[in-house]
Every structure is written in structure tokens, then in C-alpha cells.
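Structure record follows, encoded as C-alpha cells.
The values are calculated or read from the model by the stated rules, or taken from the named source; none is laboratory data. Just so we're clear, the structure is a prediction, and the values are computed from it rather than from any experiment. Cβ placement follows ideal geometry from the backbone for every residue including glycine, while neighbour counts extend to all protein chains displayed. We work out accessible area using only protein heavy atoms, side chains counted, and drop any ligands, DNA or RNA first. Shrake-Rupley method; radii C 1.70, N 1.55, O 1.52, S 1.80 Å.
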Amino acid sequence: MKYEFKDGLEFAKTMDEKDVLRQFRGRFYTNDEEIYMDGNSLGLGSRDAEESLHNILRAWKEEAIRIWGAEDGRYFNYSKVLAHKTKDLINADPEEIIFMGSITTNIHQALATFYKPTKDRYKIMVDELNFPSDIYATKSMIELKGYSIEDALVRVGTRDGRTILEEDIIAEMKDDVALILLPSVLYRSSQLLDMERVTREAHDRGILIGWDLAHSMGSVPHDFKKIDPDFAVWCTYKYLNGGPGATAGMFINRRHFGKSSGLKGWFGSKDESQFLMSHDFDQDRDANGWLLGTHSLFSMAPIEGSLNIFNEAGMVNIRNKSLHITAYLMYLIDSKLARYGYSVGNPREDSRRGGHVALEHEEAYRISLALRDKKVIPDYREPNVIRLAPIALYNTYQEVYRLVEVLEEITVSKIYENYTLDRVTVL
Ligand SMILES: *Cc1c(COP(=O)(O)O)cnc(C)c1O
């Protein structure tokens, strides 16, 4: 898409006035003293999330053990409650969605279920740029099955250090590959992969494929009826604003409902047999058969309120604004910051980018520290990327304009030179 932007704060103000999502900002705990650009790492709290958390606290105080049966069992079946509120974000059936654990545990569950190596087909394909935890989980599952990582792990390479080409993924889909695990959006460069094409090519070759939606859930709408992946995992604390460490989600395609879950626990039982206390596992008929133990209501409650906001706002509106406001940021980087050594490291095409801008600079680390002292919260990723995520639901065009002014000030004054190059724990 071709966007038309102009320099100047007035233009930013006009766009804020025209923003169809502008009424949502007030539902979040924003801080007018600070520009929060880190919603891709930890989304902001909202009044809606707070209210659903309070509801559960109240239910616990008033009901004690009866909380599990209160309100027609909605808290006992809370994963289902959240599944219903998630289905439109990915166009899946609610029976295909569960909430438990973290991305990492859910990858373990998925691989334990779907990775069934045989003599001829025993490899797992990942990419060289994925988040470490996905790779650790994959490696541990390969070792648990008795294979060596050197032999059984295929890592698709990057040509430019930032992105992975779909052609290169497809070229590695050999007859010995059993399963593929890839991110929808790469966490550093913001590249959005063509999930439909890659999934189709995998299936044409008899390979199972799962997607990690960490950086697209709540930012990019997905059509799972079309993409038709075998499984997917996602966290809820990034774009979904579910709170620090909020419970993660998982999608199991309904064509796999008959399969035995790789890891088993009593919450995976059919409702009617869970409390019969038999030692023979009676797996639930749908994705709920992959649940493990008692769910943490306090880690799930804020997700409910937050998902209400997403369903009200609509993923298409969210994506449209996200594309527009990130394009505006790229325009300002090109026109005002390029002369100071800044560049855009993410793909430019709308169809190939997620919700953040990957701003590159050789002094990115020290600039990110200086930004914090100037009340702009970015995040930094080695070796030279400042991730900036203007979030559709709560960031404004004026904040983006101000952010670029601050970046300019920091580089013109070289104030970043006052900071140490030693890495402190980077969040
Ligand atoms: C954020 C993120 C994770 C984090 O995993 P958790 O188990 O939720 O801590 C994993 N993978 C990717 C790609 C991520 O972006």
C-alpha cells in the first residue's frame, strides 16, 4: 500500500483525530509522561483486564472451593471461555483452541504429540533466526527421541541476517523432514512469513507444520481455515496485553483430534470422566484433550478482559492502524533520521511485516539506554536493533512523532556516548 504522510506535529494530530481506534487508548493504563513503545514485549494493562481479574478474586473470596462450579462452571472451563473470545482473531473453531502454560511448554506438548520420527522421516526444520526457547525445546525433543541434533535438526539459513526466504524454507523440505516449526513474525526483523504458502508446500510433501504466533497474535489477523496449520502456539503477554507471564495459547487442528496427546494430565480428560479418578486416561474429544493440570485463574483472568477489547475493536481495524502507524514511523525514519546513521531493518511491504519497526543503528544499544532516560521505552535486541512497536490500541501518531524527535536529539547531541557499552540485563 502507498501511504501519504507529511512532516510536522500538526499532521500527527490530524491522524490521531481520524484514528478509528482512538477511543480505546483510554481503556489502557497509559502514562502521559512516557512514550511506551514496548507493547511487543509486554502489552499495557487495561481497565478491562483489571476488572476480569477482580471478578475472579471476588469469586474466590465469596465461593472458595465452589468457585469451580460457580456461574455454570465458567471458571472450571475457563480455557474454553478464552477460546471463544480468541476464535475470531485466528478464524479457528473454539474447540481447536486451549489455554495453558507458556509458549515453551506448549511447543513441548506439540512436539511430543506430532513428532513421531521414523527411520526415513525423522528431522525437524526450524530457522536460524528464531527465538532461542523454541530451538531449545526442539533440540530437547530430538534428544528425547534418541536422535542427534547434528543429524536431525535442519536450520534454514538467512541470506541477509534479518529475514528468511520462503523459497529457502521450501528448498529444505526434503523427504526426511517430519515436522516444521517456524515463527509467523520474526522477533527481531518483524518479517511476516507467507504462512499459507509455506504450510501448503509442507503438506504437499507430507510434512506436519506448526507456527509460533508470539509476534503476530493480536497484531496480525490470521485465517486458520485457509492456512490450515497442524498446530500453533502463542503467548498472551505481548500484543494481547494479558499481563506479565499470562497463560499461553495453543491451536490443535481438528483433523488431529483423534490423536493421542503427547503429554497427558487430568485436565485433558473428558469432563464426564475427569473426577472418576480412573488410572486409564480418557482423552477429551477436541483440543481440550491436550490440557495438563489445574489452570492458573489469576494468570488467565486479565486475558478475558483484554480479549473483549480485541473483539470490540476488530482485528482488521487493528491491523490497518498498525500498518499505517508503523509506515508513518518508517517515513519519519527515512526522512528525518537516515542522515544520523539510522535505518529500517524490517521488510517494507505490508504483506511481509508484523507490528514493530526494527530500527537499526551501530550505536543501538547505547541509544536504547538514552531513550529510557528520556522517557521513551523501546526494547533492544542484539546486535544493533531497537524494536519500536506503536500499538494500534493505545499508541498515538503524536507519540511516534515525538519519539523520532527524541531519537534525533540523542544522536545530534551524542548524549548516548555517556552510557556504558557493557550489557546489563536487557529487558
Ligand atoms: C516471546 C517469545 C517466546 C517466549 O516464550 P515463553 O515460553 O512464553 O516465555 C518464545 N518464542 C518466541 C518466538 C517469542 O517471541
Spread of Cα-to-Cα distances over 20 Å intervals beginning at zero, given as percent, for the chain: 26, 54, 19, 1
My understanding is that a pair violates if its Cα-Cα distance is over 26 Å; which of K85/K321; K375/K414; K85/K375; K238/K414; K18/K374; K87/K264 do that in this structure? K85/K375; K238/K414; K18/K374
Label point distance in nm, F298-T105, each placed 7 Å from Cα along Cα→Cβ: 1.5
How far apart, in nm, are two points set 7 Å out from the Cα along the Cα-to-Cβ line at F281 and at K61? 3.9
Relative to the longest principal axis of the chain, what angle (0 to 90°, nearest 10) does the C-alpha long axis of helix 47-63 take? 40
Within the set K18, K374, K123, GNM on the chain using Cα springs under 10 Å gives the largest fluctuation to K18
Over the chain, with neighbouring protein chains present, the accessible area per residue in Å² at probe 1.4 Å is 43
Taking every pair of alpha-carbon atoms in the stretch 1-59, give the share separated by more than 18 Å as a whole percent. 57
In the neighborhood of I97, defined by Cβ-to-Cβ distances under 10 Å, what is the net charge if each Lys or Arg adds +1 and each Asp or Glu adds -1? -1
Quick calc, D72 & K116: beta-carbon distance into FRET formula, R0 60 Å, rounding 0.05, result 0.95
Peptide ranges 203-215, 383-395 listed from the most packed, as the mean C-beta count within 10 angstrom indicates: 383-395, 203-215
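Round to a whole number: what % of the accessible area of the stretch 282-349 belongs to carbon and sulfur, probe 1.4 Å? Write out the running numbers ahead of the final one.
Details: 1170 of 2290 Å².
Result for the stretch 282-349: 51 percent of the exposed heavy-atom area is carbon or sulfur.
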Rounded to 10°, Cα long-axis angle of helix 315-332 versus longest principal axis of the chain: 30
Excluding residues fewer than 8 places away in the same chain, name every one of the aspartates and glutamates whose C-alpha is closer than 15 Å to that of K123. E143, E150, D151, E172, D175, D176
Under 10 Å, Cα contacts only: if you run a Gaussian network model on the chain, which one of D228, D38, D282 comes out with the highest mean-square fluctuation? D282
Expressed in nanometres to one decimal, the distance between label points 7 Å along Cα→Cβ at D32 and R255 is 5.4
Given the C-alpha centroids of the stretch 202-258 and the stretch 291-352, what is the distance between them in whole angstrom? 16
Taking every DSSP beta bridge that has both residues in the chain, what percent is antiparallel when rounded to the nearest 5? 55
Can you list the aspartates and glutamates whose alpha carbon sits under 17 Å from that of K80, skipping same-chain ones fewer than 8 residues off? E71, D72, D88, D93, E95, E96, D271, E272, D284, D286, E304
At 1.4 Å probe size, with the rest of the protein present, what percent of the exposed accessible area of the stretch 165-246 is carbon and sulfur atoms? 46
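If you add up the charges near L213, with Lys and Arg at +1 and Asp and Glu at -1, over every other residue whose beta carbon is less than 12 angstrom from its beta carbon, what do you get? Please report the intermediate quantities before stating the final value.
Numbers: positive: K238; negative: D134, D212.
My count for the surroundings of L213 gives -1.
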Could you pull out which residues in the stretch 180-210 have an amide N less than 16 Å from a spot 7 Å beyond the Cα of E143, following the Cα-Cβ vector? none
How high is the relative contact order of the chain, in percent, with contacts defined as C-alpha pairs under 8 Å that are six or more residues apart? 23
Charge tally for neighbours of V385 with beta carbon under 10 Å away, counting Lys, Arg as +1 and Asp, Glu as -1, is +1
